[in-house]
Structure formats: C-alpha cells, structure tokens
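Below you'll find the structure I mean.
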Amino acid sequence: MIRSKKLLLVLGILFLCASATMWAQAFPVPREKAVVVETDQKYQYFNTASPLKTIGGSQWGSGWNQVVEEWDWYQNYATGERILWRTTGWDYSPDYTQLTWHVRKGVTWNDGVPYTAQDIVYTFNLWLKDPSLSGANVATNVASVSAPDDYTVIFKFKTPDYRFHQYLRMWGGAAIVAKHIYENQDPRTFSNWPPVETGPYKLQGWYQDNQLYVWQADPNYWGTKVMGKKPGPQYVIFRSAPPPDLDLAEFVKGNVDMPLPHIFTIDMIRAAEKQWTHTVRSPYMDAVSTGICGFNTAKAPGSDREFRWTMNYLMNREKLRKIYPMADSTAVTMWPWPDWATLHKWEVPAIANKYGPMLRYDPVFAAKELDRLGYKKGSNGLRTLPNGKPFTLTLVSGAAPDYNYLVAKDFSDELTKIGIDNVLKIFQAGITEQQFYEGQYDIHFDVLDIGAAFPNDVWQMIDSYAGKWAQPIGTVQNKGDRSRTRLNDPTLDAIGEKMARMNPDDPKYMDLVSQALDRWYYDLPSVPATEKTFIQTLSNMYWTNWPVPGNMYQVPYQWWPSMIFIMFEIKPVM
C-alpha cells in the first residue's frame, strides 16, 4: 500500500514536471516581437479555416478569427464609430428591395489577388445553391446577387430588407471567401489551409504538440497602403492556456501578454499585481447585462405584470454589484444592454427618468405591493395567490459559483424573507433543460442576451419578445428571448412590426424606440440589474498603448475580431 502511494506520488510529480516543461519551452519566434494570447480551448483542428464547413471548419481561439479573417465593416463599440473597412458604404433602394454594396479598391487577399465584388457574389451564390453550408441563413431573403463591375454588388431581395448590411459586419454572419481559392473545390470539405484571407497576419506555423498557432505580419498587407494601418507586433501567438497555477507563473515571467478573462480570475490578477509591476487591468462590459433574465409570463404569478414589477424590488442591486466574482465589483444598470458608447443613443432620457427610480431594491415596498395585489400571508407565514391558493416559485439558474447562481440565491433568500415559498433548480442539459423550454419554471436567472448590442439595434431586442414566438406551456419553445418568457403583448408587437419596416438609421426610428422601450419596461418581462464585466489583463513588459480606461480606443477583448485594431495601435516598449 505504501509502495503504491509512493508510486502515485512519483508519477504525479513527473506529470507536473512534464506539464511545466511544456509551458516553459521557448517560443518558435523572438518573444519581444510577438504578442502572446491565451485561450481556454484545447486545440483539435490544426489545418482548417473555412467559414463554410458545418463541422470542423475552424478552431475557435486559434487567432484566425481575430487577426487573419476580416469583415467588410466594423462597429467600434467602445467609441461608437462605424468603421468602413473593405467597403466604402452601401445604398438601399427607396422600397428596400435592393441593396448596392460598394467594395473598397485596393483590398487584396494575402496571396496578392484583389478582393472584389466577384468574391462576394461567388460566396452568396454558394449559399443560394447549397443552404446546408454554414452561414447560408444570411442568404434566405436574397433573390439574386450580381456584380456590374468589380467594385459594385447588387443584392435583390424577395421581400423588403431594412438591415441586410448587418450581415457583412463583424460577426454578422456573411464571411466572404476567396473565389479564386474555393471555385475548384468542394466548399463542404475544403479547408482553406493555410488560410487565404485579407487580414494583417498570415500563417507562420502551427505546433500541435505545443498547442499553439503562430501568425506573422503580412509585409504586403493592403491596409497599410490603403488605410494607413500597420500591425505593430511582427508575430501573434495563440496558445492553449496551462492550468491556473502555471498560467499565473507564466504571466509574471512575461510569457503571456493577453490571458483570457474567463479563466484568468480576479484572484490571479491580484496575485499578479503583487508579484509583477507589468500587470495592466482593462475592465470592460460584455455584450449583456445580468439580472432576472425572464419571467414565465404564460403562468401565474408571472403572468401578472404588477407581480413582475414587485419582484423587481427584491433585487438587491448594490449587494449584487459587490459580490460580482469576476472583478472587484461591477456596475448597476437599468438597461438590458451593456454600457457601450455605441448604444448610448438608445438610452432615452424620458425612459430613464420614468423607470430608473422604479428599478430599485425596496423589500418593504414590495411587501406592501404584494398585500395590495392580494398575495397575502396565510397562517403558516407563506403568501398565497390572489385566489387563495398556495404557490411555490421555481427559480432556475446555472450552478455555483456562476454569478447567475449568486443572484438567484440572493433573490431566493429575499423571497423567503417576504413570505414566498420557492425552490432553486440548477439548469442542466437533459431533464431540466427540457422542462425549461417547455415553460416549467417561474423565474430564470441568466445574462439578458437580447441581441441588441452587436447589431446596435433595439428592434432585435423587441422582436425577441414578440408574441409570435410564444408557445403554450408544455410545448417546447426554441425561439425568442433567452428565457422564452412567452410574452404576448399585442401593443408591443405592433410597435415592433413598425420598427422591423424601418432602417435604424432613419431619424424617425428613435420615436419608435421610445415607444417600444416604454412598453417593454411597462411589461417588464426581464429585470436588468448589473453589468457583466470582464477584466482583460494585459502585460506592458513588451508592448504598450493598450486600450485601457482613459484610452479605451477599442474594446480590449482578445477573442473579438476587432483585435486587429488593437494590433494596429500597440507599440513595442523601447
């Protein structure tokens, strides 16, 4: 027995030594010329970078999405700027049945071949011909696509389309491929390796045993000549992160520049700051807010609008702000989207003045409201429905230590204090998941993933709560808002239908936004409470001019496609 324990101990030590050796090995390129980025992915695909393959098309976290692939235009969510990149703009016909897309001259693929309208037409025709290809959903409303010349694309739609330009935006869905590379290949299986893209970096090498990719700056990058943008680092290395203890050690040794916030915890950040003066924090809001993701409005008591509003007064926002586990704290918010500069225009002052003071923690007022509404306490101290029947609220959240669980647990405690019986269930794949989508819950705690943030369009949010998605209790609902609230408000739907038939850039659109938000807060199918904040940790040992508070020129996240704009701005430490 003792011998067996000794053997296990020796094997364990050998394993740790082997792991440490793996992560401590020299990089294949000069460290001082590279930005090193980490991901939580264990790389599986080392020889494919195709946006058309449905399975195994590319390896998430490899760097291909961040510094190699490009989009026609970007939204700078930190500054509010619209960045026209491979396009110079677009024009809709008066009836929105046609879109003219203008391709920027001088853009080239990394093999030197010009990027033209022919590439866009070719890609969309692939989708029209084979809807099973990944991304083909963007072509659903396309009747035809043509190119009268190499820098003009004409899209004709089956029905008026007011937002088609969003598909060609970063993460919009329409990832354009190189016609001259794909045209003699089977798009369902072709790997596009090494990747032929228009971005500032191209493949230097991939090292499967070491779990890393190395991308090298393209000396002939079109953006330098046409846009005046040149990447600072000669190399960008993406690698799979080691275990937390080794990851922290690697960071303070200067072997990592951009760890992943999801796994480089606040405790690791604090430890790094104590050990190393080159630790830089760049906190920023994710694309969602958090709180009550949704009430089940198809069953009592969630069907009672005033009950939903009363539950709002049990959200202890200040406490939730302080117990946020991914940063020292986070911010309280009344909006169902993040505090991004690009979204500020939708934060209508009249809506903020009307509903902001009502979105507060006030359990005393909540108790009075419950009494007024008929949810009164019985002899056992528990409240009943207005009809006198007992009830138990079913709360659903992710498992501890997830922040949504902390929010749900605190809310559960508040319910107990006020006399409402409740049970907190953990959302799991399988039975709990099935019950959730069938509407067998009362209140769901998660991020308010309402889709308004990336397209910068409130209609996307309003449409997700539309009654057209609502299914009867017991029937699976797989579309609509994240919580499948089953909201059915004809007034809100009518406003949403008007918004759907208007370009968000139209000055008249703001009036509809005001109406829609006023009705949404009146209904309150979800309750925003706090921001979801990530701290992007950075190292200034080798590189400086990172996007940080006071100089937040771009969202600092290293997993976003907008990372190329960070690479254009950072400078080597001299």
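Exactly one of (1) outside any helix (DSSP H, G or I); (2) free of Cβ contacts under 8 Å to residues at least 40 places away in the same chain; (3) of a type outside the set (A, V, I, L, M, F, W, C) is unmet by Arg519. Its number?
With respect to (1) outside any helix (DSSP H, G or I); (2) free of Cβ contacts under 8 Å to residues at least 40 places away in the same chain; (3) of a type outside the set (A, V, I, L, M, F, W, C), Arg519 is out only on (1).
A further question follows. Here is a list of conditions, (1) at negative phi; (2) crowded, with 17+ Cβ neighbours inside 10 Å; (3) touching a Leu at 6+ places or on another chain (Cβ under 9 Å); (4) not in a helix (DSSP H, G or I), and Gly480 meets all of them except one; can you say which number that is?
Of (1) at negative phi; (2) crowded, with 17+ Cβ neighbours inside 10 Å; (3) touching a Leu at 6+ places or on another chain (Cβ under 9 Å); (4) not in a helix (DSSP H, G or I), only one is false for Gly480: (1).
Out of Glu81, Glu69, which single residue is within 18 Å of Asp505 (Cα to Cα) and charged (D, E, K, R)? Talk me through it step by step, then tell me what you get.
Details: Glu69 fails: within 18 Å of Asp505 (Cα to Cα).
When all the criteria are applied, what remains is Glu81.
Has the stretch 436-444 got at least one residue that is over 22 Å from the mean Cα position of the chain (by Cα) and of a type in the set (Asp, Glu)?
Taking every residue of the stretch 436-444 in turn, at least one turns out to be over 22 Å from the mean Cα position of the chain (by Cα) and of a type in the set (Asp, Glu).
Within the bounds of the stretch 189-197, is there any residue that is loosely packed, with under 15 Cβ neighbours inside 10 Å, without any contact (Cβ under 8 Å) to a residue 12 or more places away in the chain and under 21 Å from Ile55 (Cα atoms)?
If we filter the stretch 189-197 for residues that are loosely packed, with under 15 Cβ neighbours inside 10 Å, which is where we start, we get 189.
If we keep only those that are without any contact (Cβ under 8 Å) to a residue 12 or more places away in the chain too, we end up with none.
No, the stretch 189-197 contains no residue that is loosely packed, with under 15 Cβ neighbours inside 10 Å, without any contact (Cβ under 8 Å) to a residue 12 or more places away in the chain and under 21 Å from Ile55 (Cα atoms).
Taking the conditions exactly as written (assigned by TED's automatic domain parsing to the domain that holds Leu424 and under 21 Å from Met315 (Cβ atoms)), does Asp449 satisfy them or not? Let's see the steps before the verdict.
On the way: assigned by TED's automatic domain parsing to the domain that holds Leu424: yes; under 21 Å from Met315 (Cβ atoms): yes.
Against the criterion (assigned by TED's automatic domain parsing to the domain that holds Leu424 and under 21 Å from Met315 (Cβ atoms)), Asp449 qualifies.
Rundown of residues vs (1) within 23 Å of Ser303 (Cα to Cα); (2) of a type outside the set (Ser, Thr, Tyr), yes/no style:
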position	(1), (2)
Arg372	yes, yes
Ser379	no, no
Pro386	yes, yes
Lys389	yes, yes
Gly398	no, yes
Asp421	yes, yes
Lys425	yes, yes
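Looking at Tyr509, Tyr522, which is the one that is hydroxyl-bearing (Ser, Thr, Tyr) and within 30 Å of Gln435 (Cα to Cα)? It would help to see each step written out before you state the result.
Working: Tyr509 fails: within 30 Å of Gln435 (Cα to Cα).
Of the residues listed, the single one that is hydroxyl-bearing (Ser, Thr, Tyr) and within 30 Å of Gln435 (Cα to Cα) is Tyr522.
Out of the residues in the stretch 420-464 that are β-branched (Val, Ile, Thr) and surrounded by 20 or more Cβ atoms within 10 Å (Cβ to Cβ), which is farthest from Tyr522 (Cα to Cα)? Break it down stepwise before answering.
We begin by selecting, within the stretch 420-464, every residue β-branched (Val, Ile, Thr); these are 420, 423, 426, 431-432, 443, 447, 450, 458, 462.
Now restrict to residues that are surrounded by 20 or more Cβ atoms within 10 Å (Cβ to Cβ): 420, 443, 450, 458, 462.
Numbers: Ile420: 23, Ile443: 18, Ile450: 17, Val458: 16, Ile462: 13 Å.
The extreme case among them is Ile420.
Let me ask something else about it. Restricting the first residue to the stretch 267-283 and requiring it to be more than 17 Å from Pro549 (Cα to Cα), which pairs with a second residue that is among the basic types (Lys, Arg) and not in a loop (DSSP other than H, G, I, E, B) meet a Cβ separation below 6 Å and a spacing of at least six or different chains?
So the pair list comes out empty.
Restricting attention to the stretch 523-533, does a residue exist that is within 23 Å of Ala350 (Cα to Cα) and more than 24 Å from the chain's Cα centre (by Cα)?
Narrowing the stretch 523-533 to residues within 23 Å of Ala350 (Cα to Cα): 523-531.
Next cut, more than 24 Å from the chain's Cα centre (by Cα) only: 523.
Within the stretch 523-533, one or more residues are within 23 Å of Ala350 (Cα to Cα) and more than 24 Å from the chain's Cα centre (by Cα).
Any residue in the stretch 490-515 that's among the aromatic types (Phe, Trp, Tyr): show its pairings with residues that are outside any helix (DSSP H, G or I) and surrounded by fewer than 20 Cβ atoms within 10 Å (Cβ to Cβ) at Cβ separation under 9 Å, as long as the two are six or more apart or on different chains.
Sorted first by the residue in the stretch 490-515, then by its partner, the pairs are Tyr509/Met502; Tyr509/Asn503.
Please pick out the residue among Thr537, Thr533 that is buried (at least 24 other Cβ atoms within 10 Å of the Cβ), among the hydroxyl-bearing types (Ser, Thr, Tyr) and not in a helix (DSSP H, G or I).
On the way: Thr533 fails: buried (at least 24 other Cβ atoms within 10 Å of the Cβ).
Of Thr537, Thr533, the one residue that is buried (at least 24 other Cβ atoms within 10 Å of the Cβ), among the hydroxyl-bearing types (Ser, Thr, Tyr) and not in a helix (DSSP H, G or I) is Thr537.
Okay, moving on. Within the stretch 74-170, which strands (runs of 3 or more DSSP E) (wholly inside it) include 2 or more residues that are at negative phi and buried (at least 18 other Cβ atoms within 10 Å of the Cβ)? Give the steps one after another, and end with the answer.
Working: elements: 82-84, 87-92, 98-103, 142-149, 152-157.
Once the strands (runs of 3 or more DSSP E) in the stretch 74-170 are filtered for at least 2 residues that are at negative phi and buried (at least 18 other Cβ atoms within 10 Å of the Cβ), what remains is 87-92, 98-103, 142-149, 152-157.
Hey, another quick one. Mind counting the residues in the stretch 118-171 that are charged (D, E, K, R) and without any contact (Cβ under 8 Å) to a residue 60 or more places away in the chain? Break it down stepwise before answering.
Going through the stretch 118-171, the residues charged (D, E, K, R) turn out to be 119, 129-130, 149-150, 156, 158, 161, 163, 169.
Now drop any that are not without any contact (Cβ under 8 Å) to a residue 60 or more places away in the chain, which leaves 129-130, 149-150, 156, 158.
Here the count works out to 6.
Another one. If Asp505 passes every condition in (1) modelled with pLDDT of 95 or more; (2) more than 30 Å from Phe264 (Cα to Cα) but one, which one does it miss?
(1)
Could you say whether any residue in the stretch 310-333 is over 29 Å from Ile473 (Cβ atoms) and free of Cβ contacts under 8 Å to residues at least 40 places away in the same chain? Write out each step before concluding.
Our first condition is that a residue be over 29 Å from Ile473 (Cβ atoms); within the stretch 310-333, this holds for 316-333.
Then keep just the ones that are free of Cβ contacts under 8 Å to residues at least 40 places away in the same chain; that gives 322, 329.
Checked the stretch 310-333: at least one residue is over 29 Å from Ile473 (Cβ atoms) and free of Cβ contacts under 8 Å to residues at least 40 places away in the same chain.
Still on this model: So which residues in the stretch 498-516 are surrounded by fewer than 15 Cβ atoms within 10 Å (Cβ to Cβ) and part of a helix (DSSP H, G or I), if there are any at all?
If the condition is that a residue be surrounded by fewer than 15 Cβ atoms within 10 Å (Cβ to Cβ) and part of a helix (DSSP H, G or I), then Met510, Asp511 are the ones that fit.
What's the number of the condition Thr485 fails, among (1) without any contact (Cβ under 8 Å) to a residue 40 or more places away in the chain; (2) part of a loop (DSSP other than H, G, I, E, B); (3) under 24 Å from Pro301 (Cβ atoms)?
Thr485 satisfies every listed condition except (1).
From (1) surrounded by 15 or more Cβ atoms within 10 Å (Cβ to Cβ); (2) out of contact with any strand residue (DSSP E or B) (no Cβ under 9 Å at 6 or more places or on another chain); (3) closer than 29 Å to Thr485 by Cβ, pick out the condition that doesn't hold for Pro349.
All conditions pass for Pro349, except number (1).
Then there is this: Anything in the stretch 151-194 that is of a type in the set (Ser, Thr, Tyr) and closer than 21 Å to Gly106 by Cβ? List them, or say none.
Tyr151, Thr152
The values are calculated or read from the model by the stated rules, or taken from the named source; none is laboratory data. The shown structure was predicted, so the numbers you read here are calculated from the model rather than taken from an experiment. A quick note on method: Cβ atoms are made from the backbone with ideal geometry, for glycine too, and the neighbour counts reach across all protein chains shown.
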